[in-house]
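Structure first, then comments.
Any read-out appearing in this document is the output of simple, stated calculations on the displayed coordinates, not a laboratory observation. No experiment lies behind these values; they were computed from the predicted model shown. We place every Cβ from the backbone using ideal geometry, glycine too, and count neighbours over all the protein chains shown.
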Amino acid sequence: MNNEKYDFSPDDFNLVGNTHEAFIDENYFKQSYWKDILLRFSKNKGAIAGMVFILLIAFMAVIGPTMTEHTYKSQIISHQNLAPRIKALEGLGIFDGSENMNTSTGTIEVNKYVSKDPAVTTGLEETYYWFGTDVLGRDIFTRTWTGTRISLYIALIAVIVDMLFGMSYGLISGYYGGRVDMLMQRFSEILNGIPTLVLVTLLIIVLKPGLGTITLALALTGWIGMSRIARAQVLKLKEQEFILASKTLGATNLFIIFKEILPNIFGQLIIMSMFSVPNAIFTEAFLAFVGLGVPQPMASLGSLISDAFKSFTTHPYMIIFPVMVLALVMLSFNLLADGLRDAFDPKMKEM
Amino acid sequence: MRKYIFKRIGISALTLLVILFILFIMLELMPGSPFNDEKLTDAQRAIINIKYGLDKPVLIRFFNYLKAMITGDFGVSYTISKNTPISTLLQSRLPLSLRIGGQAVFIGTIIGIILGLIAAIKHNTIFDTITTVISVIGVSLPSYVFAMALIYTLGFKLKWFPLLYQAAEPINSTILPTIALSMFTIATVARFTRTEMLEVLGTDYMLLAESKGINNFHLIFKHALRNALIPIITVLAPLVVGLMTGSLVIEKLFSIPGIGSLMVTAIQSNDYNVIITLAFIYSAMFIGIMLVVDILYGIIDPRIRLAKGDQHE
Amino acid sequence: MEKKIVLNIKDLSISFKTSSGEIKAIRGVDFTLFEGDTVAIVGESGSGKSVTVKAIMGILSNNETINSGSIDFTYHRGEETVHEDLLKLSKKDIRKRINGKRIAMVFQDPMTSLNPTMSIGAQIMEGMRYHFNATRQEAHERAIELLELVGISDPEKRMKNYPHQLSGGMRQRVVIAIALSCNPEVLICDEPTTALDVTIQAKILELIKDIQRKTGISVIYITHDLGVVAKVADYVAVMYAGKFIEKGTTEEIFFEPRHPYTWGLLSAMPSLNVTEGSLYTIPGSPPNLLNQVEGDSFASRNIYAMNIDFKREPPMFRVSDTHYASTWLLHEKAPKVEMPEQLKARIKTMLEEAYPDGRKKTTAESD
């Protein structure tokens, strides 16, 4: 009950009549499907960070090896086991070429570039190795970025092959269904029963390790996951009416698969590929560690880490940089893929 | 239900057979196997051929090979430990690897579930973010990175745990490797638990349970967890794979005399018999776990276990 | 005999935060539930019906906040009568003392309201063991009684079944059994039959009415279906854009509606009468509650709107002791407006069917 005094104006109670339009709720501004996804993606800080780092690393992988005068295989034995030294940061006390060595008498600080005793010259006062050198006198900076190149290259090729082959396999299997599907699925199921690791290891042993072999092995084993996702999506879409509509209009099966279904599952495929990259890099790194990596003097992140492991306790700097790059690459791709997945499929309601 | 189980067993057996065949082919193709050794004269080779039945047709050789593998006659090692039957090598090593692997799975799963639960309950708070960060890191970094970090900090600098495995201290010296190995498990399980839990918490039946007046503790542990955790079994497959790969590296790093380090040594010294045997063992374990998972899933989920049988208004 | 008040909601306002802004879902609502009555809350989707009852149960989501108001609940604890403002209770208290025990709820979709991994028996027994510390034996027996009460055959066997083994109608009966398990004083049904077949619908409604007769509990029905209202309700409260715009007894609402929105609702019911022309629909759509409402929220769809409707929100005008409507048309200065002819004819038909001998007029009919 409203007890306030309210002054009514004289024409308040006049009927407005049929001159006003009935209110129709303004719809929320409808964004297109892709814009929506883009918006969600850009809100995810982790995903953006991941993307930025990937671009950064890719950039470095391209120009990194050319930034110094060394190549990835040039060895200067007299320069072996040097700690990192960066001209710009020297004065601050870090990256000044010194490292702490643990000896039987305790820890002492050693600097192979500049001797503590001003009378002694090492001949290295003007040389700078940003990431230091390894046991054969090779510049770790160059090798790290060359290694990144190779690791990324391997992963990318493997993923592309996976996507093309796995996607097609899953699409065909799911679309045709029936016998075809059953056979194809049995086959991939059996193949899946063999742990990837085992298969890759065996392949490499038989074919002799090398860049191509590793890529091939990775490609051969990674397509199954992709084909599963593709098939699941096809099965979901197959029954929908727009497919039926297409059929009644006379579309051939091939047309339907690639022009109607594919665009709709694209999102899922991208996500899966983004997840496959770190997987491939990880497997490659693992192989390197076990001794099946790329042959010397070529380097991949994995083989760098594997080599540096031996000097882990004496010269930790050798292993830190490749590890950091590796970790960053894997983290970034995972964040990116996570972000993409959330952007494409926001299940979380506001609770 | 029974049909389902039989079907799964059938496929597993078939898969194992195919794997054995592939392994067999590989064995034949192995370059530098002792029987391809150029140093042998033709006469010597002829003798070896007859002795090992290498002149018989492929299928019979395969059958013999099958028989041998199934009965545990894995042949002998050539380079690691000359002429030692592989089964002897396995005897001491297999239980150790299984133990450490088991520890890692057990601890990893429990911690993972706890983390995932906290993340889901404290959704969108700082806890959630932390857990997500841990999960992503745990999944992204190879286990040997963790291992190295652990070795350096806890082992080397702080000297809390021994750096290498010692049989005399079976528990203490396996702590670091277990932690390193379990990171992947923790990350995967946490992520998964969080997702499933969030989905369950948003369902109608949770709202109904809430309206019944049940307190938070019971709501989560009696109602939500059951539903959220059933699908966790599906995560076991990638977990096992992760453990297998991880164990090779971890065992090497910590000098644990298990089958993982054996595999690495075999690869590095081209001991093909051992490699093939271990490949078989890993495959068999993997297939076995998948089979168990498939069957378990059918049993635990009442929607699958009890058919829709009796429904009438 | 004076009917006792069980629930008294005063000036309730609820809003919730979304990524697009704050939505004022409930904008000042008054509501009274008397003992033993069945009250129906009617409204379109999004009008705020569910939010209101969720507030009563204390199960609002985290992004929903109560801006103002009070919900006075009167109940019996043993011999004494207790009054409490539900909104002032802590979540823990509501769970412990009110939910399930004194106020229980039946949800809309039976296919998703039961826990798929718990047996039917366990879900029914849970409340009793929790609130009353009943032993397994006691709870089990009572559960079987309840299953019989809600009309499920072979209850012993059903106790061990899981939800997916039951049909929709049976599941809803189980949900009702769960709600009744602790002998609550108030039963809230949120569109309990919307997800069911029409034939099952009738049975469920009968069941609830039956139970009410036997136990004397008070029932709140949420529905958008006027047919259901006619069948079960003693009182009706019509909700629009987060406010009650008309309240009255079922007969008053159906035979003497005053608010143009109610006219619209009644006119929009499909009827089997073939002599009627086209089916009437209310033009436009409900307002977006993200925005502040100026004047009467229904004004822009109201063909009887006046200038004042766009300027100021109408208060509740009294039509009778039990009948109130919030429309400026009831103001003394307002022109005499009658409901549309079509509706008048319909109501006449309804009256003739219901009261062949004529009905006693309760208030001055609009002339």
Can you give the calculated 222 nm mean residue ellipticity of chain C, where each DSSP H run of n ≥ 4 adds -39,500 (n - 2.57) and the sum is split over every residue, rounded to the nearest 500 deg cm²/dmol?
-9000 deg cm²/dmol
To the nearest 10 degrees, how steeply does helix C:341-354 sit against the main Cα axis of chain C, on a 0 to 90 scale?
50 degrees
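What average count of beta carbons from other chains do you get within 10 Å of the Cβ of residues in A:279-287? The partial results should precede the final answer.
On the way: counts 1, 0, 2, 7, 2, 0, 4, 7, 2.
What the average comes to for A:279-287 is 3.
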For B:R99, project a label point 7 Å along Cα to C-beta. Then give me every residue of region B:138-171 with its amide nitrogen under 11 Å of that point.
B:166-171
For region A:191-234, just the Cα set please: Rg and Dmax, both in angstrom.
12.1, 38
So what is the relative contact order of region B:57-190, in percent, for Cα pairs below 8 Å that sit 6 or more residues apart?
30 percent
Residue-wise HN-Hα coupling along region C:251-261, computed from phi with Karplus coefficients 6.51, -1.76, 1.60 (Hz; x: Gly, Pro):
5, 4, 5, 7, 9, 10, x, 10, 8, x, 5
FRET efficiency estimate (nearest 0.05) - Cβ-Cβ, B:L296 to C:N183, R0 45 angstrom:
0.65
Nearest 20 debye, what's the magnitude of the dipole of region C:109-237 about its Cα centre given +1 on Lys and Arg Cβ and -1 on Asp and Glu Cβ?
260 debye
Suppose every Lys and Arg Cβ carries +1 and every Asp and Glu Cβ carries -1, with no other charges. What dipole size does the protein assembly as shown come out with about its Cα centre, to the nearest 20 debye?
3140 debye
What is the angle, in °, between the Cα long axis of helix C:120-132 and the longest principal axis of the Cα atoms in chain C? Nearest 10 is fine, range 0 to 90.
90 degrees
I'd like the Karplus ³J(HN,Hα) series for region A:199-216: coefficients 6.51, -1.76, 1.60, θ = phi - 60°, whole numbers in Hz, and an x wherever there's a Gly or Pro.
4, 4, 4, 5, 4, 5, 4, 5, 9, 6, x, x, 4, x, 4, 4, 4, 4
Sequence gap at least 6, Cα distance under 8 Å: using those rules, report the relative contact order of chain C to the nearest whole percent.
18 percent
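At 0.36 nm per residue, and after removing the present C-alpha to C-alpha distance, how many nm does the segment from A:Y176 to A:V110 gain when stretched out fully?
16.8 nm
For a Förster distance of 56 Å, can you work out the FRET efficiency between the beta-carbons of B:F221 and A:K87, rounded to the nearest 0.05?
So the FRET efficiency works out to roughly 0.40.
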Suppose every K and R has +1 on its Cβ and every D and E has -1 on its Cβ; what is the size of the dipole of region C:27-97 about the Cα centre, in Debye to the nearest 20?
460 debye
In order through region A:337-344: 3J(HN,Hα) via Karplus (6.51 cos²θ - 1.76 cosθ + 1.60), integer Hz, x for Gly, Pro:
5, 4, x, 4, 4, 5, 5, 7
Nearest 0.05, what FRET efficiency do B:Q91 and A:L183 give at R0 = 51 Å with Cβ-Cβ as r?
0.80
Residues with amide H under 5 Å of A:V135's amide H, sequence separation 5 or more or different chain, H placed in the peptide plane at 1.01 Å from N; which?
A:N81
Pairs of Cα atoms under 8 Å, at least six residues apart: use those to get the relative contact order of region C:20-136, whole percent.
16 percent
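For region A:258-317, what does the convex hull of the Cα positions come to per residue, in cubic angstrom? If you can, show how the numbers build up before the last one.
Working: hull volume 6.8 nm³, N = 60.
Here the figure is 114 Å³ per residue.
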Collect residues whose amide H, placed 1.01 Å from N in the peptide plane, falls under 5 Å from the amide H of C:N67; neighbours closer than 5 in sequence don't count.
C:S13, C:I14, C:S15
Give me the Kirkwood hydrodynamic radius of the protein assembly as shown, using the inverse of the mean 1/r over all pairs of distinct Cα atoms, in Å to one decimal.
34.7 Å
If you fit an axis through the alpha-carbon atoms of helix C:136-149 and take the longest principal axis of the Cα set of chain C, what angle between them do you get, 0 to 90°, nearest 10?
40 degrees
